[in-house]
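The structure appears below as structure tokens.
FYI, it's all coordinate maths here, none of it is from the lab. None of the values given here were measured: they were computed from a predicted structure. Ideal geometry is used to build each Cβ from the backbone, glycine not excepted, and the neighbour counts take in all protein chains shown.
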Amino acid sequence: MNARVNDKRRYNADGTPRADVADPETQPGSAPETTPTAEGTPDEVSQLRAELETARRRVDELARGIQDVMRDRDEFKQRIQRERDRLVEVEKGQVAQALIEAVDELDHSLTHDDGSPIAQGVRLIRDKLLQKLQASGIERLNLEGRPYDPNAAEAVDIELVTRPEQNDRVLAEQRAAYAMKGRVIRPGRVKVGRYVQPAKA
């Protein structure tokens, strides 16, 4: 029975191997094919780790930058709000000064209150203006009988007193003092007592 030859390049027609064709599987220098492994070379791993560390540092820098921007934005909003509040207070103070001057005029006209209907009308208007001031956070200070405070009033008159407890106390108000949020916005004018020890006979 004749043998079947599949590779005519390596065998003769009678089935004997050809002498001039070498077996590729036995050729010197031929190496078996290798398949790539899942793991890279040490240099590639080191490079990937360095790139990862660089990316992490960059992400940290960006996160800090975002935090700085947010903090600056919040501080800017707070500055704007403080400036707005200050302007509102200034405007309120200017309006208050005009109302206070009107109340001063009404107070002056009531120094000789005779109980007439006109005087009663003036007092009513004065009280309404004081209510508006109070609604705006502005209070009228009552200084009479209290120790004299140069931050709240100006001493325009001094009266000698015979009682030691009246020394350096406000005896009368010639012009009322006003404060807003605990801060004096218009000092008053007052008469202050000064005690002088009587001379011994």
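Each other residue within a Cβ distance under 11 Å of residue 149 adds +1 if Lys or Arg and -1 if Asp or Glu, for a net charge of 0.
What does the C-alpha gyration tensor say about the overall shape of region 75-201? Classify as rounded when a/c is under 1.5, otherwise prolate if a/b is larger than b/c, or oblate.
oblate
Peptides 186-195, 131-140 ranked from most to least packed give 186-195, 131-140, packing being the mean of other C-beta atoms within 10 angstrom over each peptide's residues. With R₀ fixed at 45 Å, the C-beta to C-beta distance from residue 56 to residue 83 puts the FRET efficiency at about 0.65. Only aspartates and glutamates eight or more places from residue 128 in sequence, or on another chain, were considered; those with a Cα closer than 16 Å are 101, 104, 105, 107, 139.
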